1. Tell me, what is a quarter of the convex hull surface for the C-alpha atoms of segment 139-256, in nm² with one decimal?
2. Ranked from highest to lowest mean number of other Cβ atoms within 10 Å per residue, what is the order of the peptides 80-88, 203-211?
3. For segment 80-120 and segment 165-190, compute the distance between their C-alpha centroids and round to whole Å.
4. Assuming R0 = 22 Å, can you tell me the calculated FRET efficiency for the pair residue 160 and residue 210, based on Cβ-Cβ distance, to the nearest 0.05?
5. With a cut-off of 11 Å, note down the residues of segment 61-101 whose backbone N falls inside the zone around a label point 7 Å from the Cα of residue 122 toward its beta carbon.
6. What is the fewest-to-most order of 141, 73 by other Cβ atoms lying within 10 Å of their Cβ?
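Read-outs throughout are calculated quantities, based only on the coordinates presented, and are distinct from any laboratory measurement. The structure displayed is predicted, hence computed values, not measured ones. All Cβ positions, glycine included, derive from the backbone under ideal geometry; neighbour counts span all protein chains shown.
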């Protein structure tokens, strides 16, 4: 009986890869502050192993983009063509173009604190920065959002803007015990009176300015002043360093 259940679960997992929505390989992981799981995907069958430089595939950082439509749920990926998006090591000449599945491979030794930049030449992708260990959950799955989707949410649904030179942060608070979203957490940017924080509501377009994280543990922070390469975000009573770049969206997943 045990063998039958195990086989059934394996078959179910394999079939799940054909669904319209794709989910990250595994749960939990991520990082808060200087931590991290350290399980960097350096070239698995899921993430791709192409080595454009002809080097050792085992020394590569490989992963894939996840196209996010509901900003409350970065683990839910829409089934779209993600080819031609540039993923590069921030401030370094190490880059790759994604294939249709959003897979990429960078010729760099995998390290938890590496910062990746996601962008597209035609500017259809929201320019973003990602710290690797925050999105390594047994496989590197990097969030991506179409610029039109992002602009419609920020300017249309929420009704605010992103002044030139400021940063934005999509923050997801999860439990360090089971990786599930943590509700009822107040988020604020330390030493910054200018940043605006919006919390997840009951629908993809509902973001609430006052209160705390909703059922999905998400917060969108806009108009963040950039005076350094990081800002300190208070997640409840826990201070966490979040990387920021002018005019970039930072995708941040933190454990508390």
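1. Mean orientational projected area (segment 139-256, Cα hull): 7.4 nm².
2. 80-88, 203-211
3. If we compute the Cα centre of each part, the gap is 24 Å.
4. Approximately 0.95, to the nearest 0.05.
5. Residues 83-85 fall inside that zone.
6. Lowest count first: 73, 141.
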